[in-house]
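Presented below is the structure to which this report refers.
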Amino acid sequence: MKKNSTLERETIQVKTKKPLKELYKDVKKPVIRTLLGSLLYVAGTLIIATQADSLAQISIGNFTDILPILVYALMCVIGYIFFYISVIADLGFVDLAARIRKKVWNKTMHLPLRYFDKEGPNQVISRVTSDPEYSYQPYKLLQLTFTLVAFLLIVLVGDAAIPALALILIIGFIVTMVLMFVFAKYSERGATYTASKLAALTAFLAERFNRIKFIKAMNSEEKETENGNAFIGERYEAAKYNAMALTMVQFGQTFITFILFTAAFLFGALMIKNGSVKSTLALIAFYAYGNNLILVFQFFAQFPSVFAMTRGGSKKLVAIFEEKEENLDEGRPELAETGDISLENVSFGYTDQNAVRNINMMIPKGKVTAIIGPNGSGKTTVLRLIDRLYPDYNGSIRIGAEESSEISLRAWRDRFGIVSQNAALFEGSIRDNICYGVKEPTEEELQAVIGLAGLSDVIESHEGGLDFNVGVNGEKLSGGEQQRVAIARAMLKNPDYLVLDEATANLDPLTEQKIKNSISALMKGKTSVIVAHSYRTVEGADQIIVMNNGIVEDCGTPEELMERNGYFRSFAAACAE
Ligand SMILES: Nc1ncnc2c1ncn2[C@@H]1O[C@H](COP(=O)(O)OP(=O)(O)OP(=O)(O)O)[C@@H](O)[C@H]1O
Ligand SMILES: [Mg+2]
């Protein structure tokens, strides 16, 4: 098959040291259902096969006796009922896929942010949606193996068996298997290629549908249609490769089956001619068995290619298990103190390049610290480090005298409340969004934060009140309303430390003023770090930190900075305009 450069790139990219069995570790396998399903299948076939003599009579047009025909029909019905019940094996397979999905979902939820940065969050969708579809194929083969063994026994010990002919089939089967091993590498490549292109398409679609309003506003429908067509085209190329590989496997099988049957027929004719088989009926009966047997051979011969396909399609899935999970509970389970937050010589990069370097800062307990600086200067990054969203920085971050690395991530993050520019709402009711991540509050607690966050009007004006569904990403609420829900959420959590990232950016002045009041209520008595782009937000701060190009450029009170820091003065002047 023609080499495909994209394919080569994909297969090289996805390298995993872990074996396929990693996927099945600690997952309950449907072995009993598989076994039972295949026994039922064999039983069904056996019931029909017991009627081989009747079938042979019917085949030669002997309709004189109606009873054998009726018995044959009845046995067929019973046999097919057994086939149908053998669906329990298939239910086992889908159950296995669901279990693997849950395992992968659980794993991804616990992976560090770096994994998502590396893969792209939309790519990860496919790890949970389409990739696990490959996972049950080996169990399907297990079922076929059982079935095959059962059939072999039947053919070899059964009355109608003619060992010499059965031998032809078995030899043919072995040849098929060898050939299929040769073809397997194409199946593996095809599956890797298809899975990765499907993931790319899914990632593309997730991003575009999330930005559909912007696309329309930019009149970019045609451009995006073109972009999407390119992804669909690549997926098509992958599917084409896969189809060719699959057809090659199927063609090989059918061809071998044809040769086998021709050989068996010729051999049978020879046996009749030289008198070693006395009746044509015995031969017809054998062919009836043989036909079933061949079917199972055909399935079983897929073993190498299906296995290779599973390996290929599951590469990225297995690679997930090489990733180290964030251990949320490693370290002391409690942060004893509430004190100043201090960063000492902290450096961190999302890539090889540092986004922040040698950061030293002290965020005093119970005070408001504002961080300002140009876009990309590292303000959000510092907040993420303080919250330990990226725990692998260099340097030291402490609360009081307690070193962050000694405290469990769970305990540390539990002490922080976050409000960012993007309110991070989920599809669901306003109530669910306010209560996200906190234990079930009492009705009084809930009403108190609703009042403080200025949410009462919002709740009243939406149908269903607290039960109003905010839509995907909270889009059925306005930006300011979303912010207020996020503020109420942070209030309900009642954290010791507050981290606010441009929580009031892009709001109209009246809403901004209202939200600022809510924020002041939220910050009362807490240690707060607030990244701000507006002078009005920072002028009331106890301390201002100026960041520039990944470093701390200055730190002082608004008055001190007004005197000595050029950036702060221009910042204040620009905001006043
Ligand atoms: N997930 C990420 N992966 C790679 N680089 C990132 C990531 N997030 C931020 N960066 C880079 O880190 C640097 C600092 O970004 P950061 O978001 O901290 O800036 P900022 O000061 O908050 O800017 P802004 O005022 O625009 O919000 C930027 O150069 C940015 O490109
Ligand atoms: Mg930022």
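Nearest 10 degrees is fine. How inclined is helix 509-523 to the longest principal axis of the chain, computing both from alpha carbons?
Orientation of helix 509-523: about 90 degrees from the principal axis.
log10 I(q)/I(0), Debye, Cα-only region 190-230, no solvent, q = 0.18, 0.25 Å⁻¹?
For region 190-230, the Cα-only Debye profile gives -0.54, -0.82.
Hey, which lysines would be in cross-link range of Lys476, C-alpha to C-alpha under 26 Å, not counting anything within fewer than 8 residues on its own chain?
Lys213, Lys216, Lys439, Lys493, Lys514, Lys516
Residue-wise, which Karplus ³J(HN,Hα) couplings in Hz belong to region 481-491, taking 6.51 cos²θ - 1.76 cosθ + 1.60, θ = phi - 60°, and x for glycine or proline?
For region 481-491, the Karplus curve yields 5, 4, 4, 5, 4, 5, 5, 4, 4, 5, 5 Hz.
Counting pairs of alpha carbon atoms under 8 Å apart in space and at least six apart in sequence, what relative contact order in percent does region 409-498 give?
Numbers: 111 pairs, mean separation 47.1, N = 90.
About 52 percent, as a whole number.
Could you tell me how many degrees, from 0 to 90 and to the nearest 10, lie between the Cα long axis of helix 566-576 and the main elongation axis, the longest principal axis, of the Cα atoms of the chain?
Computed tilt is about 90 degrees.
Determine ³J(HN,Hα), in whole Hz, for all residues of region 543-556 in sequence, where each value follows from phi through the Karplus function 6.51 cos²θ - 1.76 cosθ + 1.60 and θ = phi - 60°; x replaces Gly and Pro.
With coefficients 6.51, -1.76 and 1.60, one gets 8, 10, 10, 9, 10, 8, 6, x, 10, 8, 8, 7, 7, x Hz.
Mind listing the long-range amide H neighbours of Tyr24? Cut-off is under 5 Å, sequence gap 5 or more, other chains count too, H placed in the peptide plane at 1.01 Å from N.
Amide H neighbours of Tyr24, under 5 Å, 5+ apart: none.
Beyond 25 Å, what share of the Cα-Cα pairs of region 400-538 is found? Please give it as a whole percent.
Values: 2359 of 9591 pairs.
The answer is 25 percent, as a whole percent.
Got a sec? How would Ile430, Ile212 order by Cβ neighbour count within 10 Å, fewest to most?
Working: Ile430 26, Ile212 11.
Sorted ascending by nearby Cβ count, the order is Ile212, Ile430.
List the aspartates and glutamates whose Cα sits under 12 Å from the Cα of Lys29, skipping any in the same chain fewer than 8 residues away.
Within the straight-line cut-off, Lys29 pairs with Asp95.
Fewest Cβ neighbours within 10 Å first, please rank Val472, Val499 accordingly.
On the way: Val472 13, Val499 26.
With the sparsest Cβ surroundings first, the list reads Val472, Val499.
Just name one of Ala238, Phe214, Thr225: the one whose Cα is farthest towards the positive end of the charge dipole of region 207-261 (beta-carbon charges, Lys/Arg +1, Asp/Glu -1).
So the residue we want is Phe214.
Rounded to the nearest 0.05, what FRET efficiency is calculated for Glu323 and Leu167 with R0 set to 45 Å and r the Cβ-Cβ distance? Display every interim value, and only then the final one.
Numbers: r = 51 Å, r/R0 = 1.13.
Plugging the Cβ-Cβ distance into 1/(1 + (r/R0)^6) gives 0.35.
Two-decimal Rg/Rh of region 341-576 from alpha-carbon positions, Kirkwood Rh? Before the final figure, lay out each step's value.
Working: Rg = 18.0 Å, Rh = 18.4 Å.
Ratio of gyration radius to Kirkwood radius: 0.98.
Note down the nm distance, to one decimal, between modelled labels 7 Å out along Cα→Cβ at Ser520 and at Val27.
The modelled label-to-label distance comes out at 5.6 nm.
Go ahead and collect, in residue order, the members of region 406-449 whose backbone nitrogen is under 12 Å from a label point 7 Å along the Cα-Cβ direction of Glu460.
none
Between Met547 and residues 5 or more places away or on another chain, which pairs have amide H atoms under 5 Å apart, with H built 1.01 Å from N, and which residues are they?
Here the answer is Ile372, Gly373, Glu553, since their amide H atoms fall under 5 Å of that of Met547.
Size of the dipole of the chain about the Cα centre, Lys and Arg at +1 and Asp and Glu at -1 on the beta carbon, nothing else charged, in debye to 20?
Values: 60 positive and 63 negative charges, 498 e Å.
About 2400 debye.
Can you sort Cys555, Cys76 by how many other beta carbons sit within 10 Å, fewest first?
Fewest-to-most Cβ neighbours within 10 Å comes out as Cys76, Cys555.
With an 8 Å cut-off on Cα pairs and a minimum separation of 6 or more residues, tell me the relative contact order of the chain in percent. Walk me through the intermediate numbers first.
Details: 844 pairs, mean separation 87.0, N = 577.
Across the chain, relative contact order equals 15 percent.
How far, in degrees from 0 to 90, does helix 31-49 lean away from the longest principal axis of the Cα atoms of the chain, to the nearest 10?
Around 30 degrees separate the two axes.
Whole Å is fine, so just give me how far the alpha carbon centre of region 24-79 lies from that of region 80-132.
34
Sticking to Cα atoms, compute the Rg of region 466-577 to one decimal and its Dmax as the biggest Cα-Cα distance, whole number, in Å.
15.8, 52
If you count, for each residue, the other Cβ atoms within 10 Å and average over each peptide, how do 242-251, 562-571 line up from highest to lowest? Kindly include the intermediate steps, with their values, before the conclusion.
Details: 242-251: 17.2, 562-571: 15.1.
Highest mean packing first, the order is 242-251, 562-571.
Mean shadow of the chain, computed from the convex hull of its alpha carbons, in nm²?
Working: hull surface 145.4 nm².
With every direction weighted equally, the projected area is 36.3 nm².
Output the pairs from Lys223/Lys379; Lys140/Lys197; Lys107/Lys367 with a Cα-Cα distance over 28 Å in this structure; if there are none, say none. The partial results should precede the final answer.
Details: Lys223/Lys379 35 Å; Lys140/Lys197 25 Å; Lys107/Lys367 38 Å.
As for pairs spanning more than 28 Å Cα to Cα, those are Lys223/Lys379; Lys107/Lys367.
Just want the answer: with Cβ charges of +1 for Lys and Arg and -1 for Asp and Glu, which residue in Asn549, Gly479, Gln513 is farthest toward the dipole's positive end in region 341-576?
Asn549
Tell me, in nm to one decimal, what length is gained between Lys273 and Phe83 on full extension, where the rule is 0.36 nm per residue of separation less the Cα-Cα distance?
Working: separation 190, 0.36 × 190 = 68.40 nm, distance 3.76 nm.
Once the chain is fully extended between Lys273 and Phe83, it gains 64.6 nm.
Every number in this text was worked out from the coordinates using simple rules, so none of it is lab data. Not measured: the values here are computed from a predicted model. As a convention, Cβ positions derive from the backbone with ideal geometry for all residues, glycine included, and neighbour counts pool all protein chains shown.
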